[in-house]
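What follows is calculated from the coordinates using simple rules that are stated; it is not laboratory data. Please read these numbers as outputs of a predicted model, since none were measured by experiment. Cβ atoms come from the backbone with ideal geometry, glycine included; neighbour counts cover every protein chain shown.
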Amino acid sequence: MNKEQAKTRIEKLKEEINKYRYAYHVLDQSLISDEAVDSLKKELFDLEKEFPELITLDSPTQRVGGKPLKKFEKTEHQIPMLSLNDAFSEKDIYDWDERIKKLLPEKAKIDFYCEHKFDGLAVALEYKDGIFTIGSTRGDGRVGENITQNLKTIEAIPLRLVDYKTIKTDLIKKGLNQIAHFFDKGMPQDIEVRGEVLLNKKDFEKINEQRKKQGLSLYANPRNVAAGSVRQLDPKITASRNLDFYAYELVTDLGQTSHEQEHLLLKILGFKTHPENQKVTRLEEIFKIHQQIEKKRKDLPYEIDGLVVIVNNNQYFKDLGVVGKAPRGAIAYKFSPSEAITQVLDIIIQVGRTGILTPVAILKPVQIRGVTITRATLHNKEEIKRLGLRIGDTVIVNRAGDVIPQITKVLPNLRLGNERKFKMPLKCPICNTKVEEDPKGIIVRCPNVNCPARSQENLYHFISKSAFDMRGIGSKLINRLLDEGLIQDAADLFDLEQGDISPLERYGEKSSQNIIQAIQSNKEILFNRFLYALGIIHVGEETALILAQYFQQKIGLNQNVSIKNLIKVTSRLTLEDLGQIPMIGPIMGQSIINWFKDKKNISFLEKLEKKGIKLLPVKVITEKGKFKDLNFVITGVLDSMSRELAKEKIINQSGKVQETISSKTDYLIIGKNPGSKYEKAKELKTKIINEKEFLKML
Ligand code: IVH
């Protein structure tokens, strides 16, 4: 191949490789295999080796190959690289909007452009006649470091901008004629683009895994690695990190009038921009986007720490100017951090419904994810030991996801010397009874079943949503009622009158009426909910349902499900009986037996019965639907069960019970002394069955 031929071939190879690079790194499209691209690169490399005078700055072979530097040269930013002021709440955004409105003409229509705020490293890229020439870090905003060699290794950064003719055509297609005009005489001489260098989360994890294997210390986050990688003196290290780049600012004036146009133009020039960036017209849209992105943030391939909101109109943006180092026309609307640093003011003990003593850290109030955190559970004394926590310590509190706040780390270096060690009390702080420890020495319990802390917690549990579901009553009212001596246990709630509640401050006529209503309307309760409400240790909602079905069976079909019958069947209950239920293990079983053995609990049940609490049987799961699509009418008195129970049984089998006979009735069940329905059934030729036949059908 002569030089002339080589030149043509080299040009074509460069173009081809660049096409695949662009498709893969900017458009996220894989057109051919990596191996195929590699072999094109190899051919190019060999040709350039033969004709080194044909090597150009934008050749893909120039991405790697630079020699390690001794140090980075400084480079000045003609236009300073600014930073952004932060906003943390909707209010901050409203305030910002107010501030900028005051500075712009009264009638100005202000649109905003919203983008992901990448958590990487800001860099500036300078192109001369369309060729990448200088890439630099932000530095102090005015002077950065020349890291061109390293940035060239990032495939998402174009070494040459798209051909000016193509750009012009694309711009006209998009209706951006005024910008197209800038490309009339070829590529504008100087173009500066800014954006963020990133490392994706997966690559970050891979790097850390590798380091772990090598016994090296782990990196804290992808941003640190990205920053460290572009500041390597040896570009080979940078190349090995698989960094990415998103463009977000076109510094050069090419006639763009809005930030939206700027992004469009960046894309046309050959840069990767984020596809979810968008223009909005109202602040409320910003809030919505913020919420949506914050929710899916953890699933994004890159770390982002908020939104960047920019006044879309470039003239307004310019007019708004700069305060300090930040433009007035843009703001970083941060996601609320899931961690904060605060101080442990005290450690208190909470005695739970089951008598367990739980240490709780009282914190100096701190905002995390938009809520003020004042306490964090410490679980047990092992956890305090594990953290090495002392009262007075400065700590990191984390509220990741929807979980309750946790202390994740103590910062012992910040101790002043007056911090105190914490010891679990030997006596219950509520009733002064000597506490007991479990054999492992982790869980501490107050053994006093009459401990007031327990009744209070029992009460909260009794009224809770999955139990009696007494809406409108909260722990505050319960505390108040206990303090005033109006109630002693949950059964007393059913004796309350409106006049008991309305004198309590803050509870007016209407709300006290609602409270009484909420209590009285709950006198009939499903059996499983009732069992759950009792607060038997280890009996959760699911176990309660299984127990209800089991007790119902024990009570027998010809008996009512009632508190009285519950007491009856549980008085003979043994661990062996319960052992037959697959879901109930020995610990749970023993806890259930103990509860029903306790005389205090039985008198509580009797008290509830006296207040008129009625239990509704739960559906017993059977081989479903024997009576599907069948309509029944019942008349007369049945021997073996009440009409109500018969009704329940029909419904349990997916049948329907009607009040009157019609042509749609399939069966009339007759008991003793049937009424006029019997006559009607005969008239309509409805099938008539007696109780025995009905039981057989069942
Ligand atoms: S716009 C006038 N857009 O935020 C300032 N900055 O810029 C224009 N950052 O550390 C900057 N994502 O690295 C802009 N989509 C984005 C950004 C972004 C991240 C960072 C940038 C710099 C800081 C301030």
* Asked: For the stretch 1-60 and the stretch 460-505, what is the separation of their C-alpha centers, rounded to whole Å?
  -> 79
* Normalised convex hull volume, the stretch 540-672, alpha-carbon set, Å³ per residue -> 127
* **For peptides 68-79, 209-220, sequence by mean Cβ density within 10 Å, most packed first** => 68-79, 209-220
* Just need the relative contact order of the chain here, percent rounded to a whole number, with Cα pairs under 8 Å and 6+ apart. => 9
* Structure fact -> Once normalised by the length of the stretch 503-646, the mean sequence separation of its alpha carbon contacts under 8 Å that are 6 or more apart gives a contact order in percent of 31
* For the chain, size of Cβ-based charge dipole, Lys and Arg +1, Asp and Glu -1, in debye -> 1840
* Asked: So what are the ³J(HN,Hα) numbers for the stretch 384-393, from phi and the Karplus equation (6.51, -1.76, 1.60; θ = phi - 60°), rounded to whole Hz, Gly and Pro as x?
  -> 5, 5, 4, 6, x, 7, 10, 5, x, 5
* Structure fact -> Relative to the compact-globule estimate 2.2 N^0.38 Å (N residues), the Cα gyration radius of the stretch 440-507 stands at a ratio of 1.28
* To do: With a/c under 1.5 counting as rounded, go ahead and sort the stretch 581-643 into rounded, prolate or oblate using the C-alpha gyration tensor (a ≥ b ≥ c being the square roots of the eigenvalues; past the cut-off, prolate if a/b is larger than b/c, else oblate).
  => oblate
* Structure fact -> re the stretch 494-608: pairs of Cα atoms spaced beyond 19 Å account for a percent value of 53
* Asked: Between rounded, prolate and oblate, where does the stretch 105-184 land on the alpha carbon gyration tensor, with a ≥ b ≥ c its root eigenvalues, rounded for a/c under 1.5, else prolate if a/b exceeds b/c?
  -> oblate
* **Dipole magnitude (debye, nearest 20) for the stretch 147-303, charges at Cβ of Lys, Arg, Asp, Glu** => 580
* Using the Kirkwood radius over Cα pairs, work out the Stokes-Einstein diffusion coefficient for the stretch 464-558 at 25 °C and 0.890 mPa s, in µm²/s as a whole number. => 167
* **Highest-first arrangement of 357-368, 81-92, where packing means the average Cβ count within 10 Å** => 357-368, 81-92
* What does the charge count near residue 359 come to, summing +1 for each Lys or Arg and -1 for each Asp or Glu among other residues with Cβ under 12 Å from its Cβ? -> +1
* Asked: Which entries of 12/173; 628/664; 70/325 show an alpha-carbon separation above 25 angstrom in the structure shown?
  -> 12/173; 70/325
* Separation of the residue 424 and residue 216 label points, Cα + 7 Å toward Cβ, nm -> 4.4
* the stretch 222-378, relative contact order [Cα under 8 Å, separation at least 6], % -> 13
* **Tail fraction, Cα-Cα pairs, the stretch 127-270, threshold 22 Å, whole percent** => 46
* In Å, what Rg and Dmax follow from the Cα atoms of the stretch 76-147? -> 16.9, 45
* Can you pick out the pairs among 109/295; 152/279; 364/421; 117/236; 67/201; 523/597 whose Cα atoms lie more than 20 Å from each other? -> 109/295; 152/279; 117/236; 67/201; 523/597
* To do: Please report, in cubic angstrom per residue, the volume enclosed by the convex hull of the alpha-carbon atoms of the stretch 370-441.
  => 142
* Asked: Put +1 on the Cβ of each Lys and Arg and -1 on the Cβ of each Asp and Glu in the chain; which of 633, 418, 153 then has its Cα farthest toward the positive end of the dipole?
  -> 633
* Using per-residue counts of other Cβ atoms within 10 Å, averaged over each peptide, order 373-385, 522-534 from highest down. => 522-534, 373-385
* With unit charges on the beta carbon (Lys/Arg positive, Asp/Glu negative), name the residue among 642, 27, 618 whose Cα is farthest towards the positive pole of the charge dipole of the chain. => 642
* Taking Rh as the Kirkwood radius computed over C-alpha pairs, what is the Stokes-Einstein D of the stretch 5-59 at 25 °C in a medium of viscosity 0.890 mPa s, expressed in µm² per second? -> 211
* How high is the FRET efficiency from residue 323 to residue 4, r the C-beta distance, R0 56 Å, rounded to 0.05? -> 0.45
* Using a ≥ b ≥ c from the Cα gyration tensor of the chain (square roots of the eigenvalues), is it rounded, prolate or oblate, where a/c under 1.5 gives rounded and otherwise the larger of a/b and b/c decides, a/b for prolate? -> prolate
* Unit charges on C-beta of K, R, D, E only; dipole of the stretch 276-400, Debye -> 120
* Spatial extent of the stretch 8-136: Rg and Dmax, with the Cα atoms as the point set, Å -> 22.4, 66
* Virtual spin-label span in nm between residue 292 and residue 185, 7 Å along Cα→Cβ -> 4.4
* **Which of 338, 302, 274, positive extreme of dipole for the stretch 259-382 (C-beta unit charges)** => 338
* Per residue, what volume in Å³ does the convex hull of the Cα atoms of the stretch 383-514 enclose? -> 192
* the stretch 221-305 - Rg over Rh from alpha carbon coordinates, Kirkwood radius -> 1.04
* Structure fact -> Taking every alpha carbon pair in the stretch 288-373 and sorting the distances into 5 angstrom bins from 0 up to the bin holding the longest one, the percent per bin comes out as 3, 11, 13, 12, 12, 13, 12, 9, 6, 3, 3, 2, 1, 0
